[in-house]
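Structure first, commentary second.
The values are calculated or read from the model by the stated rules, or taken from the named source; none is laboratory data. Small disclaimer: the values here were computed from a predicted structure and weren't measured. When we count neighbours, we look across all protein chains shown, and the Cβ atoms used for this are built from the backbone with ideal geometry, even at glycine.
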2 protein chains.
Amino acid sequence: MNLKQLSELLHLSQTTVSRALNGYPEVSAETRRRVLEAAQRHGYKANSNARKLATGRAGAIGYVLPVGRNVDLDPHFVEFLAGLGEHALMREVDLSLTPAPREREQEAYRRIAASRSVDGVYLSSMRNDEQRIALVRELGLPFIAHGRALDPAAGYGFVDIDNEGAFFDAAQLLLQLGHRRLAFVNGDTDFTFAVHRLDGVKRAMAGHGLPDAALRHHAAAMTEGNGYRLAMALFRDADPATRPTAVLSASMFTTLGIVRALDQLGLKMPRDVSVISHDDVFPFLKPDSFTVPLTTTRSSIRAAGARICERLVNIITGEEKAPLGEIWPVELVVRASTGPAPRAG
Amino acid sequence: MNLKQLSELLHLSQTTVSRALNGYPEVSAETRRRVLEAAQRHGYKANSNARKLATGRAGAIGYVLPVGRNVDLDPHFVEFLAGLGEHALMREVDLSLTPAPREREQEAYRRIAASRSVDGVYLSSMRNDEQRIALVRELGLPFIAHGRALDPAAGYGFVDIDNEGAFFDAAQLLLQLGHRRLAFVNGDTDFTFAVHRLDGVKRAMAGHGLPDAALRHHAAAMTEGNGYRLAMALFRDADPATRPTAVLSASMFTTLGIVRALDQLGLKMPRDVSVISHDDVFPFLKPDSFTVPLTTTRSSIRAAGARICERLVNIITGEEKAPLGEIWPVELVVRASTGPAPRAG
DNA sequence: CCGGTTTTCCAAAGCGCTTTGAACTCGACC
DNA sequence: GGTCGAGTTCAAAGCGCTTTGGAAAACCGG
């Protein structure tokens, strides 16, 4: 059933039927009722491709999905997607994923832009050497970033969390508890979020007169295995008098590994080691259900997904005309994994 | 730049340019070269919506993304997506996600079908009372299922793993090791995979003369918290003479909780309790990096994603004309978490 | 050199929708 | 009675591509 058939059936023009369906005012109430009723009865739905062609709007937002043999999608992506999806539903937009390996990312964006298959895109996993912003700008593709580039010369829309502040607060708490030998199991510092977090920790340390070099810092992919390995390297065979007394962890997955290593080495939280983890709020893995409930810096990535979608749609429709950066505060939730530093000796 | 402009630029008709670009034979090598070169130079890309309208093909596969306040997307979805994406890239199809709450799922499929925004869909998380198969059939929407309905009257394409066999093998191993009191922390038995797994465990038990009632079976969402809670319920304050000596776990997340509970209760694997977990192969959480490496039933969900995409595209193009069920064997990987049952007493 | 292929190219007709510009109806108003 | 404006409806022109049904050009053997 297409528009032509429906309009013939109703003895009306396609114009009128189209307008009745799309809620334009210049059609009588009675006609609209008839049209709606007939459309309903015959299960008529406008062909989305025809509509897209005619209007120039795609009714979808895009994302370039990084794929490749050794690319692991962040598991938090699914939470982000859930948030995005919830809002997308309200605004009746679809989400179009274009898979692309990193080296063909540019090409993918160009294709998206030229083929007009989406109305806008969101960028995530912002890197230090971020190229995409200039690219999508050049392409005239409306966009919003989840996270931000290092370069503060922003002028584009983004939603980010206050990574610097979060890890400042976390480190600050540890320092106030008397810890002086801190370790930080960070994410890959090619990404800006990891850089910001490191900055936060350093700032807190500087505030207590500690040099950057006093921090045991490790950057790696945020997997359970890496958390375990790094914690083992830090604590196995380490002199209790010089080993770290507190660990900051960038994700619940690394924390999982860290906790496992501590367990195995017989180190107790918070007696021997205090631990603070970042928590993106992942329903399958909750910090308060750990044996020793974890102190965390908490920020819902799902909420971020919803907000990203909301703002991107607004940017596309023009409701948001001068996109700006938005930085969310992060809660520090103190639970049982943090405590006073063990007495020296 | 559109086709018309490009063709004028080349002093050729749109027909010829279109054909040159799309690899049709009726165009001279020289002309094709010129066209390709010009298209390249001016960055011409066919408008995807126009093309879709003209060809009737969408160049995308669809998925109805379950969303809602209390719906948690399975974290494995991201791995599945990675696999799907890898193949989608090769076949140059996009992935279109249509968010929908469960109660408006039907509507979403109808909309997808009527608006022809995708060429086919895949279904996942198959339920016992699966309605979607009949629906997409009625809608004439090409589809493939990840997993399968209970009803063996198949006749549709699916890719599933041998859940029954996997858990039969796992239970069998435990039984052969002398375990007689088994517990099974299963996933939600509204889903068929959980039912199949339970069947497998029961079959193995029956083979050893054990009644179904001898199994401590618990079905719940596969979260770390649930694993912990259920393991605690099984082992805390339990008489060592009657408590389970082995636990089967449906996912690495529940296993995480189970292991935590055992740790906390001072129970050692495999001395006090043997554990076998199902492992979907999640790079952020590996069974062989556990303190006690876990015996697992292993099957890559990423590989399944790739295969699903491959077959769905084939079904759409008609290369696969009589879609059939495909059931993958599951490896049983024996590591250190399983051992002989503790001596009675 | 000619009729018949084969190769190469083209004009025009869709695909199914939106939207412009015009027309038609009808009561109101002067 | 004529004009005006509001309220309805419509025909037709796109949107940018693919594809059908030729036609022109080039090639071929006889």
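For B:Gly85, the test of being in contact with a strand residue (DSSP E or B) (Cβ under 7 Å, 6 or more places away or on another chain), facing chain A (nearest Cβ under 10 Å), touching a residue at least 40 places away in the same chain (Cβ under 8 Å) and within 16 Å of DNA strand C (Cβ to nearest atom) is failed.
Restricting A:Val195, A:Val201 to those that are of a type outside the set (D, E, K, R) and in contact with a Ser or Thr (Cβ under 6 Å, 6 or more places away or on another chain) reduces the list to A:Val195. Tell me, please, whether a residue that is out of contact with any strand residue (DSSP E or B) (no Cβ under 9 Å at 6 or more places or on another chain) and within 14 Å of chain B (Cβ to nearest Cβ) can be found in the range A:201-212. No, the conditions are met nowhere in the range A:201-212.
The number of residues in the range B:53-67 that are touching a strand residue (DSSP E or B) at 6+ places or on another chain (Cβ under 9 Å) and within 9 Å of chain A (Cβ to nearest Cβ) comes to 7. Of the residues making up the range B:7-44, those that are crowded, with 18+ Cβ neighbours inside 10 Å and away from DNA strand C (no atom under 12 Å from the Cβ) are B:Leu21, B:Ala38, B:Ala39, B:Tyr44.
Is it the case that the range A:255-271 has a residue that's within 14 Å of chain B (Cβ to nearest Cβ) and assigned to a strand (DSSP E or B)? No, because not a single residue in the range A:255-271 is within 14 Å of chain B (Cβ to nearest Cβ) and assigned to a strand (DSSP E or B). Comparison of B:Ala145, B:Ala100 shows that the only residue that is among the small types (Gly, Ala, Ser) and within 17 Å of the chain's Cα centre (by Cα) is B:Ala145.
Can you go through A:Gly187, A:Gly155, A:Gly178 and tell me which one is out of contact with any helix residue (DSSP H, G or I) (no Cβ under 8 Å at 6 or more places or on another chain) and modelled with pLDDT of 95 or more?
Numbers: A:Gly187 fails: out of contact with any helix residue (DSSP H, G or I) (no Cβ under 8 Å at 6 or more places or on another chain); A:Gly155 fails: modelled with pLDDT of 95 or more.
Checking each option against the conditions leaves just A:Gly178.
Close Cβ contacts (under 8 Å, 6 or more residues apart or on different chains) running from residues in the range B:12-37 that are within 14 Å of chain A (Cβ to nearest Cβ) to residues that are within 7 Å of DNA strand D (Cβ to nearest atom) comprise B:Leu21/B:Ala46.
Highlighted here are the strands (runs of 3 or more DSSP E) found entirely within the range B:167-251 that include at least 2 residues which are under 23 Å from B:Ala336 (Cα atoms), of a type in the set (A, V, I, L, M, F, W, C) and under 27 Å from the mean Cα position of the chain (by Cα): B:182-186, B:246-249.
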